[in-house]
Amino acid sequence: MFNNKKNAESSIHLDSDRIPKHIAIIMDGNGRWAKKRHLPRIAGHRQGMETVKTVTMAASKLGVKVLTLYAFSTENWKRPKDEVSFLMGLPVKFFNNFVPELIENNVKVSVMGLIDQLPENTQKAVRDAISQTSKCTGMILNFALNYGSRLDIRLAVQNIASEIKNDAISISDIDDDLISRHLMTGFLGDYADPDLLIRTSGEERISNFLLWQIAYSELVFTDALWPDFDGQTLRQMIFEYQHRNRRFGGLKNE
Ligand code: FPP
């Protein structure tokens, strides 16, 4: 658990050569943030959307290549109907208001998950944002929307099986790289696996997020509730990451 007050108060020095290329975030704690203020849960989600803007800009300025945000899981449909409907409206609000700034900052939008199951207006907002930012060459802002990692793996297995059945590949072609390319992060190529996975709000679990891809990610947990997370908190998380010794199963001491 990361809770370094000293670093929060002083300016955090980061090694610009070791900024994580791919950061994935489980944005948690919107409901608790709202409850603390005697507000409805959706007020927390609204504020969480503002945090998405702040953190996107901060990550892009730091030189992060891919920022993957877990915005809605395949399990989140179990929430009350009103909350689901509010959450489905957030991408519409976010993109309507924020795409010009994304373009100005050369940020490209991508979305992974079962988009076809989202309400029509959410699908349209997502597809429009993807196409409007398609020429941007800077950071990829990748939303996991109606995403679940077991679903991701199941679909990859099904696709690989049908390619074998159609004689497009053979069983011996299956290796880690082929599996990675069949996952929803496959389009990210060398950046498919997060270097750093952050979860906010003090919870320390993965909740069906990028299970294959985080095999060697550094995991950093913070007590900060997502709506309170900001550019400074992001720097703290990267500071923690930069002080880890990534060995990838070997003995390397960087
Ligand atoms: C988990 O907090 C958060 C979510 C399920 C929704 C996350 C969505 C956002 C932060 C906004 C996304 C913005 C865009 C642009 C798509 P929780 O509600 O489970 O919090 P709790 O554990 O405190 O109840």
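The values are calculated or read from the model by the stated rules, or taken from the named source; none is laboratory data. Keep in mind that this is a model prediction, so the values were computed, not measured. For neighbour counting, all protein chains shown are included, and Cβ atoms are generated from backbone atoms with ideal geometry for every residue, glycine included. Heads up: the accessible areas ignore ligands, DNA and RNA and are worked out on the full protein's heavy atoms, side chains in. Shrake-Rupley method; radii C 1.70, N 1.55, O 1.52, S 1.80 Å.
Values computed for the structure shown
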| item | result |
| --- | --- |
| Theoretical gain in end-to-end length, LYS78 to GLU101 [0.36 nm per residue, Cα-Cα removed] | 5.0 nm |
| Virtual paramagnetic centre 7 Å along Cα→Cβ of SER162, amide N under 16 Å, in region 181-196 | 182-184 |
| Neighbour net charge for ASN106 - beta-carbon separation under 13 angstrom, K R +1, D E -1 | +2 |
| Probe 1.4 Å, all protein chains present, accessible-area order of LEU225, LEU62, largest first | LEU62, LEU225 |
| ILE171-LEU251 pseudo-label distance in nm [points 7 Å out on the Cα-to-Cβ vector] | 3.7 nm |
| In order through region 98-107: 3J(HN,Hα) via Karplus (6.51 cos²θ - 1.76 cosθ + 1.60), integer Hz, x for Gly, Pro | 10, 4, x, 5, 4, 5, 3, 9, 6, 8 |
| Sites SER11 and ARG244 - FRET efficiency at Förster radius 25 Å, r taken between beta-carbons, to 0.05 | 0.75 |
| Residue pairs, from the table LYS65/LYS108; LYS81/LYS108; LYS61/LYS124, whose Cα atoms sit over 19 Å apart | LYS81/LYS108; LYS61/LYS124 |
| Dipole in debye (nearest 20) - region 142-251, about Cα centre, beta carbon charges: Lys, Arg +1; Asp, Glu -1 | 160 debye |
| Charged-residue dipole, Cβ positions (Lys, Arg, Asp, Glu), the chain about Cα centre, Debye nearest 20 | 780 debye |
| Neighbourhood charge, 14 Å Cβ-Cβ cut-off, centred on ALA192 and excluding it, Lys, Arg +1 and Asp, Glu -1 | -3 |
| Trypsin sites (Lys or Arg not before Pro) restricted to region 37-67 and DSSP loop, no more than 15 other C-beta within 10 Å | ARG37 |
| Prolate/oblate/rounded call for region 40-138, Cα gyration tensor, a/c under 1.5 rounded | prolate |
